[in-house]
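Okay, structure first, notes after.
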Amino acid sequence: MKEESLNWEERYQEGDTGWDRGGPSAALMQWLDAGAISEGSSVLIPGCGYGHEVIELAKRGHKATGLDIAPSAIKALNHSLSETGASASSLGVCADLFEYEPAQPFDVVYEQTCLCTLNAKQSQDYEKSLHRWLKEDAILLLLLMQTGDAGGPPFHCDLKDMRQLFDPSRWSWPTKAPLLIPRPKGPRFELGFILQRKS
């Protein structure tokens, strides 16, 4: 299944990147400061865009891989990594979300931008990819977009639907309350959960 819907490269070329915060997300910073990611972890960021999170992770000694379908975004990310001296351990990869196969599974996947752009069928395929990309007992840092709207993208990630998508037979859900992360503009917000991959 190929990545569809919006022409992401065209949007980067036109500077139409309203989702870009200009820096790493508040959720990632909170999780990093809380020690949620073990030292020297390999971390995948699907739909990384300009890769602010990739750069932050690399600066902290993690082996970060940013994945995006837009060549312009990946070119900018790899340039930034080279400037920071982190390009030896971290990199940006330009590839289709549904065709990407890493050489080995990751310790962590940080998901904040892809799920809310996908329709129901794509979401099911994406969940399978997330599970496959992770080592057993590895963690998924999952941000669920809350729009309250029927349409999209971004699509509203209803928590009941998400618990069915990320089935408890395949994922361990936390018992504590999620992070609540406001979006830079408007009333939308994200709920942040740390899920653990089961076998």
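If I filter segment 59-73 down to residues being farther than 30 Å from Glu10 by Cβ and surrounded by fewer than 21 Cβ atoms within 10 Å (Cβ to Cβ), which single residue comes out as modelled with the highest pLDDT? Only one residue fits best here, namely Lys63. Within segment 144-178, being among the aromatic types (Phe, Trp, Tyr) and assigned to a loop (DSSP other than H, G, I, E, B) holds for Phe155, Phe166, Trp173.
Of the helices (runs of 4 or more DSSP H) contained entirely in segment 23-133, those carrying at least 3 residues that are closer than 27 Å to Asp149 by Cβ and out of contact with any Phe, Trp or Tyr (no Cβ under 8 Å at 6 or more places or on another chain) fall at 26-33, 120-133. Any residue in segment 72-93 that is closer than 18 Å to Leu130 by Cβ and touching a helix residue (DSSP H, G or I) at 6+ places or on another chain (Cβ under 9 Å)? Yes: segment 72-93 contains one or more residues that are closer than 18 Å to Leu130 by Cβ and touching a helix residue (DSSP H, G or I) at 6+ places or on another chain (Cβ under 9 Å). Within segment 33-45, being closer than 17 Å to Gly66 by Cα and free of Cβ contacts under 8 Å to residues at least 40 places away in the same chain holds for one residue alone: Gly40.
Restricting attention to segment 51-58, does a residue exist that is surrounded by 15 or more Cβ atoms within 10 Å (Cβ to Cβ), at positive phi and in contact (Cβ under 8 Å) with a residue 12 or more places away in the chain? Among the residues of segment 51-58, at least one is surrounded by 15 or more Cβ atoms within 10 Å (Cβ to Cβ), at positive phi and in contact (Cβ under 8 Å) with a residue 12 or more places away in the chain, which makes the answer yes.
The values are calculated or read from the model by the stated rules, or taken from the named source; none is laboratory data. Because the structure is predicted, anything quoted here is derived from the model rather than measured. When we count neighbours, we look across all protein chains shown, and the Cβ atoms used for this are built from the backbone with ideal geometry, even at glycine.
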